[in-house]
Amino acid sequence: MRYVSTRGAAPDLSFEEAMLSGLARDGGLYVPAEVPQVSAGDFRAMRGLSYEEVAFRVMRPFVDESFSDEVFGDLIGKAYASFGHAARAPLVQLAPGHFLCELFHGPTLAFKDFAMQLIGQLFEEALTRRGERVTIVGATSGDTGSAAIEAFRGLDAVDVFILYPHGRVSDVQRRQMTTPSEANVHAIALDGHFDDCQARLKDMFNHFEFRDRVRLAGVNSINWARVLAQVVYYVTSALELGAPERAVSFTVPTGNFGDIFAGYIAKRMGLPIDRLVVATNQNDILHRCLSSGAYETDTVTPSISPSMDIQVSSNFERALFDAYGRDGAAVAQLMDELKSGGFRVSQGALETLREQFSSGRASEEETLETIARLHRTTGELLCPHSAVGVHVAEAQRDPAVPMITLATAHPAKFPDAVETATGIRPGLPPRMADLFERPERITRAENDLAALETLIEERIGS
Ligand SMILES: *Cc1c(COP(=O)(O)O)cnc(C)c1O
């Protein structure tokens, strides 16, 4: 399997090369040259298998010769062993025809663990085999960073630096990043928003001299391996509700478009998915774009669902690449226009996007109302991101098709919003009950590329 850049001007890579490099050298994102097809019979044969077995069958064709069957199966086993639920991604019913897929049973209580735990295993295996060492730099609005630090802490072949927006992540998120004591993990509090963290990360990748000197690798959702790992729970949950004989729809609380893009890949593989619904909070660039065709960045307004406080949605580029008939030059042109504030999607591309994706948004009040109401009607405590999803799903639901809303984080990761809505302060699971007693290590940094690069080089001693 070969991987191509969405901007059409970088070399094709293998799965392993695409995984280790993250961003393509032309600034684009790697996507598979073609999407492997799974027959209805093959989907049927996955029913009743463990999450790990389905994961192996779904991901295997994308991984090519980079890992042997035996090694790949082993690494999947290790990746999900730390999850606190035997089903890994269990379904819970909310209402007739409406289900919640709980993706928060991993070690840092958000869906990011599904991809990050696996990528940690794949990186360690590949780097050890190659006798190489890399510097991973990630940008986070909270959950990616904690998941990455948890997945890479203590590994020999990597240093991990996570840039998070100072003062804009929850206490639980921050503590999950700042309390691991391993010398190879570095949590950096940047003076700025998440988009600043993401922009500096992109700048580092585009500064080839630095990139090569520190052997920069990326594990943000721009990394194809992360998208791939997320395809699996679309398959397991659809199978539970009757796929491939019955189609289902998904509503996905969306920020960087990585999670919902994984759903799109599942659909392209042949999984019968009716609608893929993008749910945004008040930072609704994706909803506005799918409604009007205008992709225009605005200022970020902090919300109670901070992991979706995003204006530049990196993985949307992958969807645009397909919508523009895989024309890398056209995508490069749009991304150039984005630097000066925005672009307009062509009519043809917009129609193609709308065939795949619907969208909706939830205000802060609607989010709190949904948390309170679902607690009353079902006893479920929703995190604010999941509540944005449930609100949008209710508005978009077609009674003939089961709707699955992805619950992207555990309510205890965002206890203030949940307490405001319900009066109940959700507790952390026992395995992390001492989080607030562990000592923190925080490094503050300015929003400045040169200063960040110096800091990283000093820390790794290169
Ligand atoms: C990251 C995150 C999202 C958004 O996911 P994307 O893949 O960026 O669209 C939603 N909810 C939570 C809790 C997250 O951590």
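Of note:
- Taking the criterion of being part of a loop (DSSP other than H, G, I, E, B) and within 21 Å of residue 235 (Cα to Cα), the residues of the stretch 366-398 that qualify are 397, 398.
- Residue among 16, 102 that is surrounded by 19 or more Cβ atoms within 10 Å (Cβ to Cβ), charged (D, E, K, R) and within 18 Å of the chain's Cα centre (by Cα): 102
- Qualifying residue in the stretch 348-355 (condition: in a strand (DSSP E or B) and either without any contact (Cβ under 8 Å) to a residue 24 or more places away in the chain or surrounded by fewer than 21 Cβ atoms within 10 Å (Cβ to Cβ) (or both)): no
- Selection from the stretch 281-316 of residues that are away from the ligand (no atom under 11 Å from the Cβ) and of a type in the set (Ser, Thr, Tyr): 291, 292, 295, 297, 299, 301, 303
- The C-beta contact set for the stretch 118-143 (first residue under 22 Å from residue 176 (Cα atoms) and touching a residue at least 12 places away in the same chain (Cβ under 8 Å), second residue part of a strand (DSSP E or B) and within 16 Å of the ligand (Cβ to nearest atom), distance under 6 angstrom, 6+ apart or interchain) comprises 138/162; 139/163; 140/162; 140/164; 143/110.
- Extreme residue, surrounded by the fewest Cβ atoms within 10 Å (Cβ to Cβ), among residues of the stretch 143-167 that are closer than 17 Å to residue 444 by Cβ and of a type outside the set (A, V, I, L, M, F, W, C): 167
- For the condition more than 16 Å from the ligand (Cβ to nearest atom), more than 27 Å from residue 162 (Cα to Cα) and either among the β-branched types (Val, Ile, Thr) or free of Cβ contacts under 8 Å to residues at least 60 places away in the same chain (or both), residue 390 does not qualify.
- Only a single item in (1) closer than 21 Å to residue 304 by Cβ; (2) within 14 Å of the ligand (Cβ to nearest atom); (3) modelled with pLDDT of 95 or more is not met by residue 162, and it is number (1).
Conditions tested, residue by residue: (1) of a type in the set (A, V, I, L, M); (2) under 30 Å from residue 93 (Cα atoms).
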| residue | (1), (2) |
| --- | --- |
| 189 | yes, no |
| 196 | no, no |
| 211 | no, no |
| 215 | no, no |
| 218 | no, no |
| 226 | no, yes |
| 231 | yes, yes |
| 235 | yes, yes |
| 242 | no, yes |
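- Filtered by the rule that a residue be small (Gly, Ala, Ser), within 12 Å of the ligand (Cβ to nearest atom) and in contact with a Lys or Arg (Cβ under 7 Å, 6 or more places away or on another chain), the stretch 249-278 gives a lone residue, 258.
Matching residues to (1) assigned to a helix (DSSP H, G or I); (2) in contact (Cβ under 8 Å) with a residue 24 or more places away in the chain; (3) touching a strand residue (DSSP E or B) at 6+ places or on another chain (Cβ under 7 Å):
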{"residue": "268", "(1), (2), (3)": "yes, yes, no"}
{"residue": "271", "(1), (2), (3)": "no, yes, no"}
{"residue": "274", "(1), (2), (3)": "no, yes, yes"}
{"residue": "283", "(1), (2), (3)": "no, yes, no"}
{"residue": "302", "(1), (2), (3)": "no, yes, no"}
{"residue": "312", "(1), (2), (3)": "no, yes, no"}
{"residue": "325", "(1), (2), (3)": "no, no, no"}
{"residue": "335", "(1), (2), (3)": "yes, yes, no"}
{"residue": "340", "(1), (2), (3)": "no, no, no"}
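- Single residue of the stretch 393-449 satisfying the filter (of a type in the set (A, V, I, L, M, F, W, C) and touching a Pro at 6+ places or on another chain (Cβ under 6 Å)) that is surrounded by the fewest Cβ atoms within 10 Å (Cβ to Cβ): 412
- Qualifying residue in the stretch 68-91 (condition: of a type in the set (A, V, I, L, M, F, W, C), assigned to a strand (DSSP E or B), modelled with pLDDT of 95 or more and away from the ligand (no atom under 16 Å from the Cβ)): yes
The values are calculated or read from the model by the stated rules, or taken from the named source; none is laboratory data. Since this is a predicted model, take the numbers as computed values, not measurements. Note: ideal-geometry Cβ built from the backbone for every residue, glycine included; neighbour counts use all protein chains shown.
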